[in-house]
Amino acid sequence: MQEQLEKSTEMHSVNKSATDREVLESSIASATHALLGLQQSDGHWVFELEADSTIPAEYVLLRHYLGEPVDAALEAKIGKYLRRVQGAHGGWPLVHDGEFDMSASVKSYFALKMIGDSVDAPHMARAREAIRARGGAIHSNVFTRFTLAMFGVVSWRAVPVLPIEIMLLPFWSPFHLNKISYWARTTMVPLMVLAALKPRARNPKGVGIDELFLQDPRSIGMSAKAPHQSMGWFVLFRSLDAVLRVIEPLFPKSLRRRAIDAALAFIEERLNGEDGMGAIYPPMANIVMMYDALGKDESYPPRAITRRGIDKLLVVGEDEAYCQPCVSPIWDTTLTCHALLEAGSPEAVPAAKQGLDWLVPKQVLDVKGDWAVKRPEVRPGGWAFQYNNAHYPDLDDTAVVVMSMDRMRREHATPGYEAAIERGREWIEGMQSDDGGWAAFDVNNLEYYLNNIPFSDHGALLDPPTEDVTARCVSMLAQLGQNATNSKAVAAGVAYLRRTQHPEGSWYGRWGLNFIYGTWSVLCALNAAAVDRGDPMVRKAVAWLASVQNQDGGWGEDAVSYRLDYKGWEAAPSTGSQTAWALLALMAAGEVDHPAVARGVEYLIATQNEKGLWDEQRYTATGFPRVFYLRYHGYPKFFPLWALARYRNLRNTNSRVVGVGM
């Protein structure tokens with residue numbers, strides 16, 4: 001009897017195991033099929049990239065600034081989008097279900113009023129009350145204040161002085177364009193021309209928003225010190241601003257003309273066709289307004305081309321529309337290829353090859369971008385984030401592309417990627433900063449004092465090395481055969497990561513939200529670089545990840561975790577992408593058999609939708625911590641598939657070792 005019972009139990013266990021394997025395989029197959037159905041005809045993938053309400057609001061305001069003919073159908077769709085994403089608090093947040101944000105709320109209200117929404121409409125009344133209850137629009141950020149100054153809502157005394165003569169400063173001066181990040185540089189140059197010319201919006205409807213202020217808006221001065229700013233530095237730079245405000249009108253006109261010419265030369269070298277300067281919305285919008293202020297009409301080619309490029313950022317659906325901050329085809333394609341290579345089915349691998357073949361000619365081999373100012377001896381060899389952005393390739397995309405090509409080359413004996421891989425490796429090695437880390441676009445961008453200038457109330461003026469990008473570069477070099485004993489670059493990178501681990505075991509995530517993303521990135525790198533799994537930093541990271549798993553088996557993290565008064569990870573509902581990162585991290589650390597991994601896999605399978613994908617409303621990526629977040633619509637499509645396929649593959653091997661960089 002006892003023997004029969006034992007046999008029955010054993011058979012039940014075998015049957016359950018077989019059923020679990022079948023369910024897992026079915027989930028992977030369904031996700032793979034769905035992802036293949038989203039491939040573009042030329043082999044690449046591109047998914048929507050959604051920010052908060054400010055970009056669609058700014059798009060509406062741009063059209064009215066220029067006095068363009070009203071597109072009532074498009075405005076109605078944008079209006080519907082803006083009303084839908086309004087928060088329960090009455091204002092607009094920076095993330096799904098997020099806290100009230102003053103600048104997003106002011107711009108969204110302004111755009112809706114411009115579209116024609118009555119100020120007495122319930123949603124407008126709630127927004128106005130929420131804004132006024134928090135002190136009013138005087139608390140808007142610097143970028144919003146520049147918009148309001150150009151619409152005549154506030155005076156130019158409400159914005160920092162941005163003398164265009166900055167264009168003529170030598171590199172050794174305390175402020176220079178190459179001492180700030182690429183996104184700040186490309187945004188500021190046309191904005192400095194606008195600040196010099198001080199144009200006024202056409203605004204045919206004459207719409208204003210005085211009702212959002214508790215005082216006469218034209219009476220307000222500069223904004224207060226931002227929370228991240230040092231009082232000493234801030235007082236120094238505020239004093240300098242006061243001096244410049246007095247002497248700027250006295251600058252020789254010939255000097256101003258020369259500075260504007262230098263700005264135009266900078267811009268026109270980087271116009272980048274319809275992809276736009278920097279291939280991001282803010283500089284593109286500023287350039288169109290700048291040419292308008294310079295008297296160039298809508299047919300002037302640089303203005304017309306940039307303006308068409310802005311419309312290419314629109315996502316227009318049947319009922320709603322919004323404007324993306326940029327597009328992400330390189331990132332989406334290479335990450336999708338990683339997921340498909342992990343899935344490994346006869347349909348997935350050829351599709352991944354198509355994607356990788358599409359990526360090959362996108363490598364920047366002939367343009368030395370702004371990064372070369374600090375690394376003139378390094379040959380170009382990176383990939384950008386967008387379709388075309390040759391002056392601004394980034395290290396994160398480059399490392400991930402190289403790893404996907406190397407994986408295809410090694411696992412499937414596919415030739416044709418050797419030259420691209422080698423040039424990418426060369427560029428990454430040449431872009432390492434002196435502290436051992438890697439930044440997203442630049443080298444040694446460590447002039448932290450500049451985040452205290454009045455313009456930098458967002459605290460995102462710089463592009464310093466970060467844990468997640470450093471981890472990706474270490475992963476790439478290690479996958480290509482380097483390690484801490486045979487490579488100074490890898491040794492310095494691992495040392496950087498060891499220094500930057502937080503006491504509880506996590507790492508900061510600059511470009512993904514947040515400590516889950518950073519910890520996933522680093523654990524992949526440490527595994528690739530052959531750091532012992534028993535190393536205390538690895539064990540602390542594993543214990544931390546297990547400790548922040550949600551009750552439902554998934555993982556989530558709130559954007560509040562970026563708070564200046566650091567408190568670490570902040571709980572949030574589980575998401576598919578963040579759960580996938582945690583699973584990939586634990587498996588990289590050798591923990592495929594950890595109970596937390598099994599629960600995470602069960603969560604992903606249970607939450608997969610009928611299309612084979614995952615629904616995800618929450619924002620899990622970061623533009624600028626605390627001020628700008630992103631929702632990659634592709635993340636819940638490829639990351640969960642990647643994690644499930646990795647789990648299956650490791651469970652089918654005896655070594656339980658992840659043999660690739662991510």
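If you scan the stretch 539-598, which residues turn out to be in contact with a Phe, Trp or Tyr (Cβ under 6 Å, 6 or more places away or on another chain), surrounded by fewer than 24 Cβ atoms within 10 Å (Cβ to Cβ) and of a type in the set (Val, Ile, Thr)? Within the stretch 539-598, 548 is the sole residue that qualifies.
Yes or no: the stretch 408-417 includes at least one residue that is modelled with pLDDT of 95 or more, surrounded by 19 or more Cβ atoms within 10 Å (Cβ to Cβ) and more than 19 Å from the chain's Cα centre (by Cα). Yes, because at least one residue in the stretch 408-417 is modelled with pLDDT of 95 or more, surrounded by 19 or more Cβ atoms within 10 Å (Cβ to Cβ) and more than 19 Å from the chain's Cα centre (by Cα).
Rundown of residues vs (1) at pLDDT below 95; (2) assigned to a loop (DSSP other than H, G, I, E, B); (3) among the hydrophobic types (A, V, I, L, M, F, W, C), yes/no style:
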position: 422; (1), (2), (3): no, no, no
position: 426; (1), (2), (3): no, no, no
position: 464; (1), (2), (3): no, yes, no
position: 468; (1), (2), (3): no, no, no
position: 478; (1), (2), (3): no, no, yes
position: 498; (1), (2), (3): no, no, no
position: 503; (1), (2), (3): no, yes, no
position: 506; (1), (2), (3): no, yes, no
position: 521; (1), (2), (3): no, no, no
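Filtering the stretch 293-329 to residues that are part of a helix (DSSP H, G or I), charged (D, E, K, R) and more than 24 Å from residue 108 (Cα to Cα) leaves only 303.
Per-residue answers, yes or no, for (1) under 30 Å from residue 226 (Cα atoms); (2) touching a residue at least 60 places away in the same chain (Cβ under 8 Å):
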position	(1), (2)
603	no, no
611	no, yes
622	yes, yes
626	yes, yes
638	no, yes
645	no, yes
651	no, no
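In the set (1) open to solvent by less than 10 Å² (accessible area, probe 1.4 Å); (2) of a type in the set (A, V, I, L, M); (3) touching a Leu at 6+ places or on another chain (Cβ under 9 Å); (4) closer than 18 Å to residue 182 by Cα, residue 453 fails one condition alone, (1). Checking 618, 646, 631 one by one, the residue that is part of a helix (DSSP H, G or I), modelled with pLDDT of 95 or more and either open to solvent by 10 Å² or more (accessible area, probe 1.4 Å) or of a type in the set (D, E, K, R) (or both) is 646 and no other. Screening residue 446 against (1) part of a helix (DSSP H, G or I); (2) of a type outside the set (Lys, Arg); (3) within 21 Å of the chain's Cα centre (by Cα); (4) farther than 30 Å from residue 309 by Cβ leaves a single unmet condition, (1). Of 559, 580, all but one fail to be hydrophobic (A, V, I, L, M, F, W, C) and either touching a helix residue (DSSP H, G or I) at 6+ places or on another chain (Cβ under 7 Å) or more than 30 Å from residue 324 (Cβ to Cβ) (or both); the exception is 580. The residues of the stretch 23-54 that are part of a helix (DSSP H, G or I) and surrounded by 21 or more Cβ atoms within 10 Å (Cβ to Cβ), listed by number, are 27, 28, 31, 32, 35, 54. From the list 274, 269, 298, the one residue that fits, being open to solvent by 30 Å² or more (accessible area, probe 1.4 Å), in contact with a Gly (Cβ under 9 Å, 6 or more places away or on another chain) and charged (D, E, K, R), is 274. Note on the stretch 346-386: residues that are part of a helix (DSSP H, G or I), closer than 18 Å to residue 277 by Cβ, open to solvent by 50 Å² or more (accessible area, probe 1.4 Å) and free of Cβ contacts under 8 Å to residues at least 24 places away in the same chain total 0.
Candidates 288, 327, 316: the one that is open to solvent by 20 Å² or more (accessible area, probe 1.4 Å), of a type in the set (A, V, I, L, M), modelled with pLDDT of 95 or more and farther than 30 Å from residue 399 by Cβ is 316. Scanning the stretch 426-450 for residues that are open to solvent by less than 20 Å² (accessible area, probe 1.4 Å) and within 30 Å of residue 222 (Cα to Cα) gives 445, 450.
Reported count of residues in the stretch 467-520, each being acidic (Asp, Glu) and open to solvent by less than 10 Å² (accessible area, probe 1.4 Å), is 1.
Of everything in the stretch 139-188 that is among the small types (Gly, Ala, Ser), within 21 Å of residue 451 (Cβ to Cβ) and more than 23 Å from the chain's Cα centre (by Cα), the residue that is surrounded by the most Cβ atoms within 10 Å (Cβ to Cβ) is 158. Residues in the stretch 92-138 that are assigned to a helix (DSSP H, G or I), among the small types (Gly, Ala, Ser) and open to solvent by 50 Å² or more (accessible area, probe 1.4 Å): 133 only. Each residue in the stretch 115-150 was checked for being out of contact with any Phe, Trp or Tyr (no Cβ under 7 Å at 6 or more places or on another chain) and closer than 18 Å to residue 289 by Cα, and 6 of them qualify.
When the stretch 64-91 is filtered for residues that are open to solvent by 20 Å² or more (accessible area, probe 1.4 Å), farther than 21 Å from residue 285 by Cα and not in a helix (DSSP H, G or I), the ones remaining, listed by number, are 85, 86, 88, 89.
Here's the yes/no breakdown for (1) of a type in the set (A, V, I, L, M); (2) without any contact (Cβ under 8 Å) to a residue 24 or more places away in the chain; (3) in a helix (DSSP H, G or I):
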{"residue": "146", "(1), (2), (3)": "no, no, yes"}
{"residue": "161", "(1), (2), (3)": "yes, no, no"}
{"residue": "166", "(1), (2), (3)": "yes, no, yes"}
{"residue": "173", "(1), (2), (3)": "no, yes, no"}
{"residue": "191", "(1), (2), (3)": "yes, no, yes"}
{"residue": "207", "(1), (2), (3)": "yes, no, no"}
{"residue": "222", "(1), (2), (3)": "yes, no, no"}
{"residue": "234", "(1), (2), (3)": "no, no, yes"}
{"residue": "248", "(1), (2), (3)": "no, no, yes"}
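The values are calculated or read from the model by the stated rules, or taken from the named source; none is laboratory data. The model shown is predicted, which means the values in this text are computed figures rather than measured ones. Positions of Cβ are backbone-derived with ideal geometry, glycine not excepted, and every protein chain shown enters the neighbour counts. Ligands, DNA and RNA are excluded from the accessible area calculation, which covers all protein heavy atoms including side chains. Shrake-Rupley method; radii C 1.70, N 1.55, O 1.52, S 1.80 Å.
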